[in-house]
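Report on one structure; see the data block that follows.
Every number here is computed from the coordinates shown, using simple stated rules; none is lab data. Keep in mind the model is a prediction, meaning the values are calculated, not measured. Every residue, glycine as well, gets a Cβ built from its backbone with ideal geometry; the counts of neighbours run over all protein chains shown.
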Amino acid sequence: MASTPDGPTLGQGTRADWKRLIAERAIAVVLFLSTFLSVLITVGIVAVLLLEAITFFADVSIFEFLTGTRWTPLFSSKQFGVLALVAGTTLTAIMAMVVALPLGLLSAIYLSEYAPNSVRKIVKPVLEVLAGIPTVVYGYFALLFVTPILRAISGDISVFNAMSASIVMGIMILPMVSSLSEDAMRSVPRNLREGAYALGSTKLEVSTLVVVPAALSGIVSAFILAISRAIGETMIVTIAAGQNPTFTLNPFVPIETMTAYIVQVSQGDAPAGSIEFKTIFAVALLLFTITLLMNLLSQFVVRRFREEYE
């Protein structure tokens, strides 16, 4: 093939185009397969939960399961009121939020509006290190460090209790709240801050009355995702909160969450195929539904209250 005055031959150019086209098609196929595999895994998990839960509800009334307050499937007198586990999960999640939300929001405001870049580059990675600590370490930290402090304050607190587990869980999810909220606040345009300063506002007024409302959708989304993370936490509550499924809101006594119960039954004491074993999938399906609703709520909040700037 003859060369042209302007560059390579037509044949060379065609081969290069074909190679580029094949490479782009291969990349597209790989990305599609990755996406399809993720969807397939999710569908498979949901299908397994549904099929096993259906066999459980063939023997146990859904009404009893959702409204009962006594959970004793591992005892001779079996009762399947999952509200005992839901109460424990709700109690620990709420108290963890009491710790994580205000501290996370305040640290996010500091990192976004007050901290110089040199401090931000140090503090933010240090906060995010907390998210990388294994949760089993947090669990033993709650049991062996936080619980003795609480028992020294009041002798009425049990060795296993919801309070110590919730405090440490709040510390664990604090980086999530702080990091996501700080990202949302730093995305607020600079001209909003400058306009507020031009009107005579102080830095505190700009931070709380301008930046936080402008980033509200991202902050609320961070809160909801953090709550979902707290609801799904396993090792901290398994180690520090106990395994006593009691329908109570007392944080100083042993309780059991849905995730802790799944761990308890998964240890192998319940024979596979028994009604006790099937409770794992019923509780897991309920937990999956709760976290799914929380994530959908987070997406709705982002779409509903998102501020768009030119």
Rg from C-alpha atoms of the range 10-58, normalised by the globular rule of thumb 2.2 N^0.38 Å, equals 2.19
Once you put a point 7 Å from the Cα of V39 and another 7 Å from the Cα of R120, both along the Cβ direction, what distance in nm separates them? 3.8
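Rank these for me by crowding, F145, F80, going from fewest to most other beta carbons within 10 Å.
Working: F145 11, F80 23.
Going from sparsest to densest Cβ surroundings: F145, F80.
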Volume per residue of the C-alpha convex hull in the chain, rounded to whole Å³: 234
Taking each pair of different alpha-carbon atoms in the range 1-160 once, compute 1/r for the pair, average those values, and report the inverse of that mean as the Kirkwood hydrodynamic radius in Å to one decimal. 23.5
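Can you tell me what the convex hull of the Cα atoms of the range 143-194 projects to on average, as an area in nm²?
5.2
Once a ≥ b ≥ c are taken as the square roots of the eigenvalues of the Cα gyration tensor of the range 194-302, is the result rounded (a/c under 1.5), prolate (a/b larger than b/c) or oblate (a/b not larger than b/c)?
Because a/c hits 1.5 or more and a/b exceeds b/c, the range 194-302 counts as prolate.
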Where a ≥ b ≥ c are the square roots of the eigenvalues of the C-alpha gyration tensor, would you call the range 65-172 rounded, which needs a/c under 1.5, or, failing that, prolate if a/b is larger than b/c, or oblate? prolate
Packing-ranked peptide list from 232-244, 44-56, 270-282, highest mean Cβ count within 10 angstrom first, is 232-244, 270-282, 44-56
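So for the range 70-119, what percent of the C-alpha to C-alpha distances run longer than 17 Å? Before the final figure, lay out the partial values.
Numbers: 737 of 1225 pairs.
That tail contains 60 percent of the Cα-Cα pairs.
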